[in-house]
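Chemist: Please find one structure pasted underneath; my questions will follow.
The values are calculated or read from the model by the stated rules, or taken from the named source; none is laboratory data. Source: prediction; values computed, not measured. Every residue, glycine among them, receives a Cβ derived from its backbone with ideal geometry; neighbour counts consider all protein chains shown. Quick note on the areas: whole protein, heavy atoms, side chains included, nothing else; ligands and nucleic acids left out. Shrake-Rupley method; radii C 1.70, N 1.55, O 1.52, S 1.80 Å.
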Amino acid sequence: MCGIVGFTGNKEATPILMEGLETLAYRGYDSAGIAVWDGSDIIMKKEKGQLKNLADILGREPVPGTCGIGHTRWATHGEPSFINSHPHGDAKKQLVLVHNGIIENYMRLKEMLQEKGCRFVSDTDTEVVAQLLGDLYRGDPITAIKRSMRMLEGSFALAILFRDFPDRIYCVCKDSPMVVGFGKDGSHIASDIPALLSYTRDVTFMGDKQIAVLSPVGIAFYDEFGSPIDKGCTHIDWDLDAAKKGSYEHFMMKEICEEPIVFRKTAEQYVSARTGRLKADCFPWTEEDAAGVKRIRIIGCGTAYHAGLLGKKYFSELAKIPVEADIASEFRYSDYRFEEGEVLFIISQSGETADSIAAMRMAKQAGIRTVAVCNVIGSTIAREADEVLFTYAGPEIAVAATKSYLTQIIVLFLAALRLGQLRGTVSEEQTASLLAEIASVPEKMQALVDAHGDIQYYASREFSSRHVFFIGRGIDSALAMEAALKLKEVSYIHSEAYAAGELKHGTIALIEEGTLVVALVTQKHLAAKTASNIEEVRVRGANVLAITNGVMPEVDSHCALTWRIPESNELLAPFLAVIPLQLFAYYMAVQKGCPVDKPRNLAKSVTVE
């Protein structure tokens, strides 16, 4: 959500901080600020609104210096304002810090500090941390940080400048991500990898309650007790250009266009190009393990949860095993009792989703095996899960997930196929046929991307719609949920997904003359039933757009317009059908003039509850 950057070295800090903040802007923010040591004092500059506002101030009032921190804030405590913007300092002017996360006991700490005579100027929990550190500081930053950690409840990632140590940045985190980078011109820190890619690919992911001290010549790490520790380095091989917009107007369009590439790249990690077989060592099961799996539970949030709904269909169909999918934020507060032989799948693009991390830790505490489907090496979920099935989407900058969703569902499909293979519920012939068809999917995807002009034209006619309903059965019902989310996220059009068979149980009351209904019909064995539901809404005045798996005359006759995906196996149809749905959401948003990559009130990575 909020973004942190920091640099100390032998180059001017401000341009590096501003570039990092611009890179992290996709996470969502409503104000921004920096703090830099200028040789005699820590100078803060901050402003409400877009980064351009801060850049304009720095253009008029430049801040020199080679050590600094920066922040983009997404308001939680206190309204978006200059006063509430980060950075924040203590009353004694000993330190300045930026903060991601939520301090749950901030009011108790604030009252305690006020009794000591401390005066607060903002409404934020972050200023409470700054004032607390200032109260505890006696000349040794690490001792003050250790003491403060014992008093703070909640999640936090902190980057701190102390006036007494002007070339160092002190960092600590708990339940909030922080990445440290080793650059040739100095040391970097950021809350997400893309902010570091221009300067280094060699990074370390900080663990809970670990402390890092960045200096121009290196980085030292300490545990929560202040004892030095050694931490390994991870090399990030993401393409730098993948984190840049290039010639595209929006990241969202760029990332949709990358889907044929990332689908192929992800599939190739799990399927041998030489033999056309699944790579046995890439999956978390031996034959003995597979026989012992009694139940699978899948958790995720938002788009990741919708990927989990498709995963549920895949594991049920291919492995013939009981499967449930849950929203992580609900599951973590349930009284669910895990069963022996149960496996928990956690889906998260960032690997830092707070609710998913909490649910995963519940399962681990209960002794349940955990498998992550994740895009970020070294993230909290990737580190803590028993096994990880990585997606290979590369950096995804637009807030609305597109290519990450696609790679999640192909990984889930292949995992289900491998489990079915080991359990004997999928034959070798079926496996070979499905894998052969998967190899042809990227080419079909590219054809759909290339036909985006038709979708753009349709959106130019329909963007004034006030309500859009997506309907489907079986797999299509799960895909409809993601389609509706994508449209509402980027275009702000009210959109909902319904199982087509549920229309008569109340939903059809919402249909009126001109209502846009998008019917997904990729499951041929359900086409006749869905066609009946389409007719039900059509005769009540709905304008129906159908997305079909090849030619389906029984559907076409009931619809105003049909978009056909290349004919494919029903289980694989979502990989293709999702592309026109994403393009539809994109072009509806563009026609309305919405900020496609940074929708209002949304953040890319939700690292707090």
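Chemist: List every residue pair whose Cβ atoms lie under 8 Å apart, where the two residues are 6 or more positions apart in sequence or sit on different chains, the first residue falls within region 40-67 and is within 24 Å of ILE219 (Cα to Cα), and the second residue, located anywhere, is open to solvent by less than 60 Å² (accessible area, probe 1.4 Å) and among the polar types (S, T, N, Q).
Modeler: Final answer for the pair search is PRO64/THR14; GLY65/THR14; THR66/THR8; CYS67/THR8.
Chemist: Let me ask something additional. In the set ASP123, ASP164, ASP135, ASP208, which member is assigned to a helix (DSSP H, G or I) and surrounded by fewer than 23 Cβ atoms within 10 Å (Cβ to Cβ)?
Modeler: Details: ASP123 fails: assigned to a helix (DSSP H, G or I); ASP164 fails: assigned to a helix (DSSP H, G or I); ASP208 fails: assigned to a helix (DSSP H, G or I).
ASP135 is the lone residue from the list that is assigned to a helix (DSSP H, G or I) and surrounded by fewer than 23 Cβ atoms within 10 Å (Cβ to Cβ).
Chemist: Quick test of your reading of the structure: ASN543 fulfils all but one of (1) modelled with pLDDT under 90; (2) surrounded by fewer than 20 Cβ atoms within 10 Å (Cβ to Cβ). Name the failing condition by number.
Modeler: ASN543 satisfies every listed condition except (1).
Chemist: Next up: Among the residues that make up region 61-71, is at least one of them modelled with pLDDT of 95 or more, among the hydrophobic types (A, V, I, L, M, F, W, C) and either touching a strand residue (DSSP E or B) at 6+ places or on another chain (Cβ under 8 Å) or assigned to a helix (DSSP H, G or I) (or both)?
Modeler: yes
Chemist: Further question: Specify the residue that is nearest to HIS505 (Cα to Cα); the eligible residues are those in region 546-561 that are hydrophobic (A, V, I, L, M, F, W, C) and modelled with pLDDT of 90 or more. Let's see the steps before the verdict.
Modeler: As a first pass, look at region 546-561 and keep what is hydrophobic (A, V, I, L, M, F, W, C): 546-547, 551-552, 555, 559-561.
After this cut, where a residue has to be modelled with pLDDT of 90 or more as well, the list is 546-547, 561.
Values: ALA546: 22, ILE547: 24, LEU561: 26 Å.
Within region 546-561, the match that is nearest to HIS505 (Cα to Cα) is ALA546.
Chemist: I've got another one for you. Suppose we keep only residues that are free of Cβ contacts under 8 Å to residues at least 40 places away in the same chain and not β-branched (Val, Ile, Thr) within region 290-331. Which one would you say is surrounded by the most Cβ atoms within 10 Å (Cβ to Cβ)?
Modeler: Taking region 290-331 and keeping what is free of Cβ contacts under 8 Å to residues at least 40 places away in the same chain, we get 316, 322-328, 330-331.
From what's left, not β-branched (Val, Ile, Thr): 316, 322, 324-326, 328, 330-331.
On the way: SER316: 15, PRO322: 15, GLU324: 15, ALA325: 23, ASP326: 19, ALA328: 26, GLU330: 13, PHE331: 22.
In this case the residue turns out to be ALA328.
Chemist: Within the group VAL578, VAL518, VAL596, VAL590, which residue is open to solvent by 40 Å² or more (accessible area, probe 1.4 Å) and within 28 Å of the chain's Cα centre (by Cα)?
Modeler: Numbers: VAL578 fails: open to solvent by 40 Å² or more (accessible area, probe 1.4 Å); VAL518 fails: open to solvent by 40 Å² or more (accessible area, probe 1.4 Å); VAL596 fails: open to solvent by 40 Å² or more (accessible area, probe 1.4 Å).
That would be VAL590, the only listed residue that is open to solvent by 40 Å² or more (accessible area, probe 1.4 Å) and within 28 Å of the chain's Cα centre (by Cα).
Chemist: When the residues of region 34-51 are narrowed to those that are over 25 Å from the mean Cα position of the chain (by Cα) and not aliphatic (A, V, I, L, M), which ends up surrounded by the most Cβ atoms within 10 Å (Cβ to Cβ)?
Modeler: Ranking the qualifying residues of region 34-51, first place goes to TRP37.
Chemist: If you check GLU567, GLU512, GLU489, which single one turns out to be modelled with pLDDT under 90 and open to solvent by 10 Å² or more (accessible area, probe 1.4 Å)? Let's see the steps before the verdict.
Modeler: Values: GLU567 fails: modelled with pLDDT under 90; GLU489 fails: modelled with pLDDT under 90.
Criteria check complete, one pass: GLU512.
Chemist: Tally up the residues in region 400-417 that are in a loop (DSSP other than H, G, I, E, B) and either polar (S, T, N, Q) or open to solvent by 10 Å² or more (accessible area, probe 1.4 Å) (or both), please.
Modeler: Start the filter on region 400-417 by keeping residues that are in a loop (DSSP other than H, G, I, E, B), which leaves 400-402.
Retained after the next criterion (residues that are either polar (S, T, N, Q) or open to solvent by 10 Å² or more (accessible area, probe 1.4 Å) (or both)): 401-402.
Within region 400-417, residues that are in a loop (DSSP other than H, G, I, E, B) and either polar (S, T, N, Q) or open to solvent by 10 Å² or more (accessible area, probe 1.4 Å) (or both) number 2.
Chemist: Another question, then. If you scan region 341-365, which residues turn out to be at negative phi, touching a Lys or Arg at 6+ places or on another chain (Cβ under 8 Å) and in a loop (DSSP other than H, G, I, E, B)?
Modeler: SER350
Chemist: Among the residues of region 174-228, how many are under 18 Å from THR14 (Cα atoms) and acidic (Asp, Glu)?
Modeler: So the count comes out to 1.
Chemist: Condition first: free of Cβ contacts under 8 Å to residues at least 40 places away in the same chain, more than 30 Å from THR266 (Cβ to Cβ) and part of a loop (DSSP other than H, G, I, E, B). Now tell me which residues in region 543-583 satisfy that.
Modeler: SER557, HIS558, ALA560
Chemist: Quick one: GLY453 ticks every box in (1) open to solvent by 70 Å² or more (accessible area, probe 1.4 Å); (2) at pLDDT below 95; (3) part of a helix (DSSP H, G or I) bar one, so which box is it?
Modeler: Of everything listed in (1) open to solvent by 70 Å² or more (accessible area, probe 1.4 Å); (2) at pLDDT below 95; (3) part of a helix (DSSP H, G or I), GLY453 misses just condition (1).
Chemist: Let me ask another. Please go through region 15-33 and pick out each residue that is open to solvent by 10 Å² or more (accessible area, probe 1.4 Å) and either at pLDDT 80 or above or touching a His at 6+ places or on another chain (Cβ under 7 Å) (or both).
Modeler: Scanning region 15-33 gives PRO15, ILE16, MET18, GLU19, GLU22, THR23, ASP30.
Chemist: Taking THR425 and the conditions (1) open to solvent by 10 Å² or more (accessible area, probe 1.4 Å); (2) hydroxyl-bearing (Ser, Thr, Tyr); (3) touching a Phe, Trp or Tyr at 6+ places or on another chain (Cβ under 7 Å), which numbered condition does it fall short on, given that it satisfies the others?
Modeler: Condition (3) is where THR425 drops out.
Chemist: Just give me the residues in region 234-247 being closer than 18 Å to ILE189 by Cβ and either modelled with pLDDT of 95 or more or exposed (fewer than 14 other Cβ atoms within 10 Å of the Cβ) (or both), in sequence order.
Modeler: Scanning region 234-247 gives a single hit, HIS235.
Residue by residue, here is whether (1) in contact (Cβ under 8 Å) with a residue 12 or more places away in the chain; (2) crowded, with 19+ Cβ neighbours inside 10 Å; (3) not aromatic (Phe, Trp, Tyr) holds:
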{"site": "PRO194", "(1), (2), (3)": "yes, yes, yes"}
{"site": "TYR199", "(1), (2), (3)": "yes, yes, no"}
{"site": "ALA212", "(1), (2), (3)": "yes, yes, yes"}
{"site": "ILE219", "(1), (2), (3)": "yes, yes, yes"}
{"site": "ASP223", "(1), (2), (3)": "yes, no, yes"}
{"site": "GLY226", "(1), (2), (3)": "yes, no, yes"}
{"site": "HIS250", "(1), (2), (3)": "yes, yes, yes"}
{"site": "MET253", "(1), (2), (3)": "yes, yes, yes"}
{"site": "VAL262", "(1), (2), (3)": "yes, yes, yes"}
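Chemist: Could you check, for region 97-115, whether at least one of its residues is open to solvent by less than 50 Å² (accessible area, probe 1.4 Å), in contact with a His (Cβ under 6 Å, 6 or more places away or on another chain), under 20 Å from GLY68 (Cα atoms) and not hydroxyl-bearing (Ser, Thr, Tyr)?
Modeler: Within region 97-115, the subset open to solvent by less than 50 Å² (accessible area, probe 1.4 Å) is 97-103, 105-106, 109-110, 113.
Subset that is in contact with a His (Cβ under 6 Å, 6 or more places away or on another chain): 98.
Filter once more, keeping what is under 20 Å from GLY68 (Cα atoms): 98.
So of that shortlist, the ones also not hydroxyl-bearing (Ser, Thr, Tyr) come out as 98.
Yes, because at least one residue in region 97-115 is open to solvent by less than 50 Å² (accessible area, probe 1.4 Å), in contact with a His (Cβ under 6 Å, 6 or more places away or on another chain), under 20 Å from GLY68 (Cα atoms) and not hydroxyl-bearing (Ser, Thr, Tyr).
Chemist: Identify, from the list SER81, SER148, the residue that is in a loop (DSSP other than H, G, I, E, B) and small (Gly, Ala, Ser).
Modeler: Details: SER148 fails: in a loop (DSSP other than H, G, I, E, B).
When all the criteria are applied, what remains is SER81.
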